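Here's the structure, in structure tokens; my notes come after.
The values are calculated or read from the model by the stated rules, or taken from the named source; none is laboratory data. If you're wondering where the values come from, they're calculated on a predicted model, not measured in any experiment. Cβ: placed from backbone, ideal geometry, glycine included. Neighbour counts: every protein chain shown. Note: accessible area is taken over every heavy atom of the protein model, side chains too, but ligands, DNA and RNA are not part of it. Shrake-Rupley method; radii C 1.70, N 1.55, O 1.52, S 1.80 Å.
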Amino acid sequence: MSVDHTRAPVLEALAEHRKLGRLSFTPPGHKQARGADPEVREVLGDAVFHGDLLASGGLDDRRMKGQVLERAEELMADAVHAEHTFFTTCGSSLSVKSAMLATAGPHEELLVGRDAHKSVVSGLILSGIRPVWVEPRWDAERHLAHPPSAEDYEKAFAAHPDARGALVTSPTPYGGCADLRGIADVCHRRSRPLIVDEAWGAHLPFHPNLPSWAMDAGADICVTSIHKMGSGLEQGSVFHLQGDLIDPAVLKSRSDLLGTTSPSVLLYAGLDGWRRQMALHGRALLGAALELAADVRAAIEEIDGLHVNDATDFCGPQAADDFDPLPVVIDVSGLGTTGYRAADWLREHKAVDVHLADHRRISTQLTHADERETTSRLLFALRDLARAAPQLRPAPRVDLPSPTALRLAQIDLPRDAYFGPTADVPVVEAEGRIAAEMLTPYPPGIPAVLPGQRLTEPVLRYLRTGVAAGMNLPDAADPGLATVRVVHEPGG
């Protein structure tokens, strides 16, 4: 097809549907807002319901002969230099599982960076893939993981030559980026595909001063959340494919296996519109965002007790290879408090929500949607936070293990431990037992404990003290961590 990025096939089809006044005797049952609860209509507005219709037999005909979605996906692929693009409406959590299932099967090995998101672990549980963990590069001083290096993947392949491929997370939620070209070269010398979980990198293709984009760096599959750093709606995700190591029909089949048969046209429209926006205006919008971020970073650095992490903190031989400056990560340890308390104070007293919070940091993510008005309000709130710091002391101590102590031995396959017989035991009795659940500080959603790993006292103490300090463990059977779910042992 001819490439015309002024077009938006999904949005145009929605407008045509509305213009023709099509009368549907199909789902959804609200029938273009007419049946929706009046109070819901008042809060959401009727435009939400007008954009909520069937993809086939609504947006397009029942056999999808108008190729509305196909044309939108082809435009997206062209915009980001991919050969194939697939839209999904179940977030990158579905996209990354689809990529994994297209690369390896049950009991086959896949090299996986241990700083992967919980959705990757969910993919291991569902698939029965055997993970070969590739350790991230750890900053012991800041207690922060950066993506593994190409050399780390080289060593992992040497030890596991039958591994079907590799998966790396880049950028991390903190903005650290991997040497994607180097890791892709390691994989391709063995004719193995590289999956990049680039959920935080939707914006990367559209400005030259941002870190390298996975497709340009030679990755085979790239997963991207348009709702994170782009302007799509929540759950809007795409995954991109290039090369001949993964069959596009297989990848689409794996996505169909996991995805919904009732995709949200609203989310499709958000993806389509964002692509057009970036293709036409992305460089200017992101250039302005980068300039704004530089000014905000400099202003925060002048606030007593706050330090903005930058490339000098995060990049180096044993750290990240590149750095995205738009996730403005602020170290609040100089205030004598935790990121948990700082985040809660900003929400309660200043109506400002930050992205992630940990034992010493908060992340105040900027995108092309920000402007001087929003960042001025942020800066005022942070100055007030610094003045209020005495109220936030003493902060509860989080007992942080060393990087070595944080690593747990993988005894059982994640799938076997998760689906096998389990028992809930008091946390004080859990040391030495095999975990049957994920324990994931969220956000950013990187599990500290995986099903099938042997629990140790330092990691349990870290999680207990973390919960007491404000850490959120939403996927634990007992979020308060009085008990832990473990593999059942006969007689115990």
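Restricted to strands (runs of 3 or more DSSP E) entirely inside region 85-140, those with at least 1 residues that are of a type in the set (A, V, I, L, M, F, W, C) and open to solvent by 10 Å² or more (accessible area, probe 1.4 Å) are 130-134, 137-139. Taking residues in region 378-406 that are more than 15 Å from Gly339 (Cβ to Cβ), and partners anywhere that are buried (at least 16 other Cβ atoms within 10 Å of the Cβ) and at pLDDT below 95, the pairs with Cβ atoms closer than 7 Å and at least 6 places apart or on different chains are Pro403/Trp138. Taken residue by residue, region 68-75 has no member that is at pLDDT 95 or above, more than 17 Å from Gly236 (Cα to Cα), open to solvent by 40 Å² or more (accessible area, probe 1.4 Å) and acidic (Asp, Glu).
Residues in region 436-447 that are open to solvent by 10 Å² or more (accessible area, probe 1.4 Å) and at pLDDT below 95: Pro441, Tyr442, Pro443, Pro444, Ile446.
Scan region 49-86 residue by residue and report those that are farther than 30 Å from Phe25 by Cα and among the small types (Gly, Ala, Ser). Once the filter is applied, which keeps residues that are farther than 30 Å from Phe25 by Cα and among the small types (Gly, Ala, Ser), region 49-86 yields Ala77, Ala79, Ala82. Taking the stated definitions as given, is Gly270 in contact with a Leu (Cβ under 8 Å, 6 or more places away or on another chain) and either open to solvent by 30 Å² or more (accessible area, probe 1.4 Å) or not aromatic (Phe, Trp, Tyr) (or both)? Spelling it out, Gly270 is indeed in contact with a Leu (Cβ under 8 Å, 6 or more places away or on another chain) and either open to solvent by 30 Å² or more (accessible area, probe 1.4 Å) or not aromatic (Phe, Trp, Tyr) (or both).
A quick yes/no check of all residues on (1) among the polar types (S, T, N, Q); (2) at pLDDT below 95; (3) open to solvent by 20 Å² or more (accessible area, probe 1.4 Å); (4) touching a Gly at 6+ places or on another chain (Cβ under 9 Å):
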{"residue": "Asp185", "(1), (2), (3), (4)": "no, no, yes, yes"}
{"residue": "Arg189", "(1), (2), (3), (4)": "no, no, yes, no"}
{"residue": "Asp197", "(1), (2), (3), (4)": "no, no, no, yes"}
{"residue": "Trp200", "(1), (2), (3), (4)": "no, no, yes, yes"}
{"residue": "His203", "(1), (2), (3), (4)": "no, no, no, yes"}
{"residue": "His207", "(1), (2), (3), (4)": "no, no, yes, yes"}
{"residue": "Ala214", "(1), (2), (3), (4)": "no, no, no, yes"}
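Residues in region 480-492 that are open to solvent by 70 Å² or more (accessible area, probe 1.4 Å) and either basic (Lys, Arg) or touching a residue at least 12 places away in the same chain (Cβ under 8 Å) (or both): 3 in all. Here Tyr462 clears all of (1) in a loop (DSSP other than H, G, I, E, B); (2) buried (at least 22 other Cβ atoms within 10 Å of the Cβ); (3) at pLDDT 95 or above except the condition numbered (1).
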